[in-house]
Amino acid sequence: MELTELTQLAGIMVAGAASMRAAISVASFAGRRYQYARQEKKYIAQFRHVTARVFEDAPVQRQKTELLWQGKRKFRVVNRVYENYNQDVCSFYLEPFDGRSIPSFRPGQFLTFSVPVPGQAEPETRCYSLSESPAVRNYYRVTVKRIGAPPDAPEGTPPGQVSDYFHNHLQTGSIIDVYPPSGSFCLEENTEKPIVLIAGGVGITPILSMLNWLAATRSNREIWFFYGVRNRGEHAMYEYLQKLAGHMRNLRMVVAYSEPTNMCRHNVDFHLRGNITEEILRPVLEARDCDVYVCGPAPMMSALGRAFQNIGVPAENVRSESFGAASLVVADTAEVQKPEPEAEQAFQIEFARSGKKVEWSPGDGSLLELAMANGIKARCGCRQGVCGTCAIALKDGEVDYERTPEKTPAPGKCLPCVARPQSNLVLDM
Ligand SMILES: Cc1cc2nc3c(=O)[nH]c(=O)nc-3n(C[C@H](O)[C@H](O)[C@H](O)COP(=O)(O)OP(=O)(O)OC[C@H]3O[C@@H](n4cnc5c(N)ncnc54)[C@H](O)[C@@H]3O)c2cc1C
């Protein structure tokens, strides 16, 4: 072959390779676009059947729920999905074993579970927030974080019993006992006010239900969502939240990582380093009259309680839930000026079943806290006077409540999780 022919052939081959590469990249781009479009379609289809509707009043809803379902009901796990990189947050999809319909709920409410922890005679009771929106009518979803032993606990301390049971024992096909949805930490519907959602760690679950509902009903409300978590490893529902933020033009999402690692991309995965603080919230909260919803761990609740007070957010605009006994208190001026309480009073409490008599003073907190501090095992769920699982007979004496229980105890009974003594007591505990 002549040199010129060789050069021509080489030229043809280079041009051929280049156009093949171009064709491959066009095809893969088109493929990615197609896949993306399919995902989008699937995502949007989830919400297509939903029409905006206003919830019934809470008492009406509760009555309807009680007609459908009282006490425990069996549910089957139909799917389980890890929701974060660390695989310590897992969603469980539950369908009723009896195949009958399930009552709707309000975004933010929770289910109470009765769990047969291996090696224990009595089942344990725990609450888990519904993390899907009520727009999904054929199953419930809860999202559970596996709780290990506290870092400073002595060796041999067991991990969290029920979260461990969920992660290790509940597989697709497992059956579990569930009490109906309840809870008063719910999205307020009859308003168009801007809304500020703040979640810390696994406290994202009820907030996610609210967000999903706002998305499903195509709410036009201005929505701010602040999510505080340690890092990308713990970041729950990462892809889903990114997608949601992309779809909802009225949603501003701000993610704060308190312990970012090398794998955490600033301004991609997260926006701010550290916790969600007064400085971060001030510009948003000062500029608008908004509804604020907070769910997070105890230190977050106390920090934000102070922050809201300093910023001047009216207490009635803030709703909160903590997964432990902690609660968020936004003190208002009237409360700050309250006179000092009268001298502390102590009462004798007899736990008849356990045969223990102890003294209660206000520093001991609720009757449930007093019982637990004295090694008395008590059944409890929400610790907020909502689920009613801790109800026990009050054999003698009088109690009052730190907050009005949502579930009124039957005559002769009390809810020790929120009850404080008003006299010496005898309890069936
Ligand atoms: C209304 C509400 C909604 C909730 N929603 C959710 C939700 O959506 N998702 C979620 O993940 N959680 C949620 N929770 C929290 C959940 O109910 C449980 O409290 C949580 O899963 C821990 O329960 P557990 O049985 O795993 O841990 P527990 O058995 O109660 O143990 C708690 C901790 O105590 C430690 N411990 C045990 N024994 C000892 C000992 N002897 N000494 C020292 N430490 C010890 C354990 O290691 C563990 O760290 C919610 C709570 C409420 C009240």
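Quick notes on this structure:
- Per the Kirkwood formula applied to alpha carbons, segment 347-427 shows a radius of gyration over Rh ratio, Rg over Rh, of 0.91.
- Taking N as the residue count of segment 195-333, its C-alpha radius of gyration divided by 2.2 N^0.38 Å amounts to 1.00.
- Segment 195-333: relative contact order as a whole-number percent, Cα under 8 Å and 6+ apart: 26 percent
- Contour excess over end-to-end distance, with Cα ends at Ile175 and Tyr401 and 0.36 nm allotted per residue: 77.8 nm
- Peptides 227-233, 284-290 ranked from most to least packed give 227-233, 284-290, packing being the mean of other C-beta atoms within 10 angstrom over each peptide's residues.
- Separation of segment 364-429 from segment 102-122 is 20 Å, based on Cα centroids.
- Highest-first arrangement of 262-273, 393-404, 96-107, 197-208, where packing means the average Cβ count within 10 Å: 197-208, 96-107, 393-404, 262-273
- Long pairs among Lys64/Lys145; Lys145/Lys413; Lys72/Lys357; Lys357/Lys377; Lys72/Lys413; Lys64/Lys193, criterion Cα-Cα beyond 23 Å: Lys64/Lys145; Lys145/Lys413; Lys72/Lys357; Lys64/Lys193
- The slack between Lys377 and Ser361, meaning 0.36 nm per residue of separation minus the straight C-alpha distance, is 3.8 nm.
Values in this text are rule-based calculations from the coordinates and carry no lab data. Keep in mind that this is a model prediction, so the values were computed, not measured. Virtual Cβ from ideal backbone geometry, glycine too; neighbours counted across all protein chains shown.
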